[in-house]
Amino acid sequence: MNSEHKVREWYNQNKDQYIKHFQKSQKNEVKQLPRLLRYLSKRATILDLGCGTGRPVVAYLSKKGYNITGIDISQKMIMQAKKSVPKATFKIMSATSLEFKKETFDAIVSFFALLHLEKRKMQKVFKTMYKILKSRGYVLFSVNKGNSEGYSNFLGKQV
């Protein structure tokens, strides 16, 4: 399974369908952030790994005044994110090749992005996250419970 290619293409081709379908459910992601933010200073730097369109997570953090960087593998998602949250920084980048200096971020958040990766790549991703995370930094991520890699049926398609 070449998840990166498959995921990139799916999101590039289905950006509008994704936005329409997940507009309501994504609010649950924001509900999890205040607990994390209690541990961070107002000048904290945060990475949203798999930021998608920048909504709602990057938008929420940006409004709160945090220095937020969002990365996503999909060019179309990043284009939308730049329109949605112009004050944030966005980069087209894969979670498997994070190109940041050591100890860059106070926190890393990732909502339902890591599940797109093959299991064999997860150790490398978490080691790199640890490297780019500042000492005493925080990671908040979510995935779905299951026995397989990726989504077996994501809006009618295997991703």
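The values are calculated or read from the model by the stated rules, or taken from the named source; none is laboratory data. Owing to the predicted nature of the structure, the values given are computational and were not obtained by experimental measurement. Quick reminder, even Gly has a Cβ in these numbers, built from the backbone with ideal geometry, and neighbours come from all protein chains shown. The protein model used for the area step is the full one, side chains on, heavy atoms only, and it has no ligands, DNA or RNA in it. Shrake-Rupley method; radii C 1.70, N 1.55, O 1.52, S 1.80 Å.
Quick check on my filter: what residues within segment 71-123 are among the aromatic types (Phe, Trp, Tyr), under 23 Å from GLN32 (Cα atoms) and open to solvent by less than 40 Å² (accessible area, probe 1.4 Å)?
PHE90, PHE105, PHE111
Is it the case that some residue within segment 125-136 is touching a Phe, Trp or Tyr at 6+ places or on another chain (Cβ under 7 Å) and surrounded by fewer than 16 Cβ atoms within 10 Å (Cβ to Cβ)? Write out each step before concluding.
Residues of segment 125-136 touching a Phe, Trp or Tyr at 6+ places or on another chain (Cβ under 7 Å): 132-134.
From the residues that got through so far, the ones that are surrounded by fewer than 16 Cβ atoms within 10 Å (Cβ to Cβ) too are 134.
Yes, there is a match, as at least one residue in segment 125-136 is touching a Phe, Trp or Tyr at 6+ places or on another chain (Cβ under 7 Å) and surrounded by fewer than 16 Cβ atoms within 10 Å (Cβ to Cβ).
Which residue pairs have Cβ atoms under 6 Å apart, sit 6 or more places apart or on different chains, and have a first residue in segment 63-88 that is on the phi > 0 side of the Ramachandran plot and a second that is open to solvent by 90 Å² or more (accessible area, probe 1.4 Å)?
These pairs meet every condition: GLY65/LYS42.
Filter segment 107-130 down to the residues that are among the charged types (D, E, K, R) and either assigned to a loop (DSSP other than H, G, I, E, B) or under 15 Å from the mean Cα position of the chain (by Cα) (or both) and list them by number. I'd like the intermediate steps shown before the answer.
Quick first cut of segment 107-130, residues among the charged types (D, E, K, R) only: 118-121, 124, 127.
Result: GLU118, single match.
Give me a count of the residues in segment 1-40 that are modelled with pLDDT of 65 or more, open to solvent by 70 Å² or more (accessible area, probe 1.4 Å) and not in a helix (DSSP H, G or I).
3
Can you run down the residue pairs with Cβ atoms below 7 Å, 6 or more apart or on separate chains, where the first is in segment 114-138 and at negative phi and the partner is basic (Lys, Arg)?
Going by the 7 Å Cβ cut-off, the qualifying pairs are LYS131/LYS102; ILE132/LYS102.
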